[in-house]
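Worksheet: one structure, shown below.
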Amino acid sequence: MNIILLGPPGAGKGTQARTLVEERGLVQLSTGDMLRAAKSSGTEMGNRVADVMARGDLVTDEIVIGLIGEQIEAHGAGTGFIFDGFPRTLAQADALTELLDKHGRTLDAVVEMKVDDEALIARVTGRATCANCGEVYHDVTKPIPADGKCVKCGHTEFTRRADDNESSMRNRLMTYYRETSPLIGYYYANGKLRSIDGLGAIDEVKARVAEAIGG
Ligand code: AP5
C-alpha cells in the first residue's frame with residue numbers, strides 16, 4: 001500500500017504516519033525529516049536549505065524529488081510507503097507518479113487532513129520532539145511525562161523546531177495554500193483523494209485515517 005498524507009503544517013501527518021509504521025509496517029518517507037537530518041549533519045545541501053526552512057518557504061523541487069527518488073530506490077519491492085510532506089507542488093506530484101510507475105508501484109490513496117488555521121498554530125507552537133526517537137509531544141494535548149522521560153525510549157532530551165514559531169508558521173500556511181493546496185484538486189480528479197476531519201483526539205483521527213485507506 002502506498003499512501004500520501006496531505007495537509008497543512010501541524011495537521012498531524014507525522015503523528016499518524018508513525019502509527020501506520022508501527023501497526024502496518026509501512027515505511028514513512030518524510031521530506032521534512034530528511035532535510036532536518038541533512039541540516040543537523042552539516043552537509044552542503046543541509047546548510048543551503050536551513051534558512052529556507054526556518055522561514056517556512058519551500059526547498060527546491062529538484063532537491064526533494066532527488067531525496068524521495070533515492071529512498072524509493074533503496075527499499076525493496078513489497079514495501080509500502082507513507083509519503084509525509086511530499087508532494088507539495090504539482091511538479092513534485094508529477095515526479096512521484098513517474099517514480100512510482102518506474103518501480104511498478106501504484107498510489108492507493110491520498111488522505112487530506114483538514115484542520116483550521118488557529119488550531120494548527122496552537123499545535124505547532126506547542127510541539128516538542130524526543131531528541132532520540134522522534135516521538136512527538138505537545139505542551140497541552142500530549143505533554144512530556146512528569147518524570148521528563150520519553151514514553152517510547154526513556155530519553156530525557158527534547159527539541160523544538162526552528163520553524164515552530166508563529167511568524168514562520170503563518171508563512172508556512174500561506175505557502176501551503178498557494179503551492180500545495182492545488183494538489184487537492186489534482187488528486188480529486190484522479191480519484192485518489194479521501195478528505196478527513198483532522199480535528200479531535202489523536203485516536204479519533206487515527207480511526208478516520210484507517211477508514212479512508214480501507215480499514
Ligand atoms: P515538514 O517537516 O514536512 O513540516 P510540515 O508539513 O510543516 O508539517 P509538520 O511536521 O509541522 O506537521 P505535521 O502535519 O507532521 O504534524 P505533527 O504530527 O507533527 O516540513 C518542514 C519544512 O521543510 C517545510 O516548511 C519546507 O521548508 C521543507 N520541506 C519539507 N518537505 C518539502 C517538500 N516536499 N518540498 C519543499 N520543501 C519541503 O503534529 C503537530 C503537533 O500537533 C504535535 O505537537 C502533535 O503532538 C500535535 N497533534 C497531532 N495530532 C493532533 C490531534 N489530533 N490533536 C491535537 N494535537 C495533535
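Read-outs throughout are calculated quantities, based only on the coordinates presented, and are distinct from any laboratory measurement. Because the structure is a prediction, the values reported are computed rather than measured. Note: ideal-geometry Cβ built from the backbone for every residue, glycine included; neighbour counts use all protein chains shown.
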Under 5 Å, built H, 5+ apart or other chain: amide partners of residue 158: 131
Pairs beyond 30 Å (Cα-Cα), from 39/149; 142/192; 102/142; 39/192; 152/192: 142/192; 102/142; 39/192; 152/192
Semi-axes of the equivalent ellipsoid for the range 1-109, Cα gyration tensor, largest first, Å: 22, 16, 14
Ordering of 4-13, 98-107 by packing [mean C-beta count within 10 Å, highest first]: 4-13, 98-107
Volume of the Cα convex hull of the range 134-178, divided per residue and given in Å³: 95 Å³
Amide H partners (placed H, <5 Å) of residue 6, local residues excluded: 111, 112, 113
In order through the range 113-122: 3J(HN,Hα) via Karplus (6.51 cos²θ - 1.76 cosθ + 1.60), integer Hz, x for Gly, Pro: 9, 9, 9, 6, 4, 5, 5, 5, 5, 4
Contour minus Cα-Cα distance for residue 108 and residue 51 (0.36 nm per residue): 17.1 nm
Within the chain, percent of DSSP bridges classed antiparallel, to nearest 5: 25 percent
Length added when fully stretched, residue 100-residue 70, from 0.36 nm per residue minus Cα-Cα: 9.6 nm
Phi-based couplings in Hz for the range 128-138 (Karplus 6.51, -1.76, 1.60; Gly and Pro marked x): 9, 10, 4, 5, 9, 10, x, 4, 9, 10, 9
Prolate/oblate/rounded label for the chain (Cα gyration tensor, a/c 1.5): rounded
Förster-model FRET efficiency, 41 Å R0, residue 136 and residue 178, C-beta, rounded to 0.05: 0.95
The chain - mean residue ellipticity at 222 nm from DSSP helices (-39,500 (n - 2.57) per run, n ≥ 4, rounded to 500): -14000 deg cm²/dmol
Overall form of the range 141-215 per C-alpha gyration tensor (a/c, 1.5; a/b vs b/c): oblate
